Amino acid sequence: GDGPSQGVAGDWGYLYFSDSVVDSMTHLAGVSVRYAGSKVNGINEALYIYRANPTIEQSVIADSNAAGIYV
């Protein structure tokens with residue numbers, strides 16, 4: 001409410017892709033995933049991919065509290 005803020009690693013949790021997603025419909029393109037990695041459920045990576053095969057292209061994953069992508 002008082003203007004822009006600066007993000008820091010761990011500001012929010014993570015994006016999770018598991019074997020319950022439809023791989024052909026799971027696509028990140030042209031996105032910026034920043035400042036993730038607040039430890040939730042033992043996960044502190046920005047993208048957590050478990051037995052899934054999402055397409056990730058032309059995207060930036062940066063400034064995470066831990067690894068950018070865990071596969």
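The values are calculated or read from the model by the stated rules, or taken from the named source; none is laboratory data. It should be emphasised that the depicted structure is a prediction, and the values quoted were computed from it without experimental measurement. Cβ atoms come from the backbone with ideal geometry, glycine included; neighbour counts cover every protein chain shown. Areas reflect the complete protein model, heavy atoms only, side chains present, ligands, DNA and RNA absent. Shrake-Rupley method; radii C 1.70, N 1.55, O 1.52, S 1.80 Å.
Just a few scattered comments:
- Along the chain, longest interval not containing exposed chymotrypsin sites (Phe, Trp or Tyr not before Pro), exposed being DSSP loop plus at most 15 other Cβ atoms within 10 Å: 13-49
- Taking the DSSP beta bridges with both ends in the chain, the antiparallel portion is around 10 percent.
- Sequence-separation-based contact order of the chain, relative, with Cα cut under 8 Å and 6+ spacing, percent: 38
- Heavy-atom SASA rank of THR26, THR55 (probe 1.4 Å, accessible area, largest first): THR55, THR26
- With all protein chains kept in place, the per residue accessible area of the chain amounts to 67 square angstrom at a probe of 1.4 angstrom.
- Taking the protein heavy atoms of the chain in the context of the full set of protein chains, the accessible area attributed to carbon and sulfur is 46 percent at 1.4 Å.
- The reciprocal of the average 1/r between distinct C-alpha atoms defines the Kirkwood hydrodynamic radius, which for the chain equals 12.7 Å.
- Sites TRP12 and ALA67 - FRET efficiency at Förster radius 25 Å, r taken between beta-carbons, to 0.05: 0.95
- Dipole orientation for the chain: of the candidates GLY37, THR55, PRO4, GLY37 has the Cα lying most toward the positive pole (charges on Cβ; Lys, Arg +1; Asp, Glu -1).
- Sites matching trypsin sites (Lys or Arg not before Pro) across the chain that sit in DSSP coil, with at most 13 neighbouring C-beta atoms within 10 Å: LYS39, ARG51
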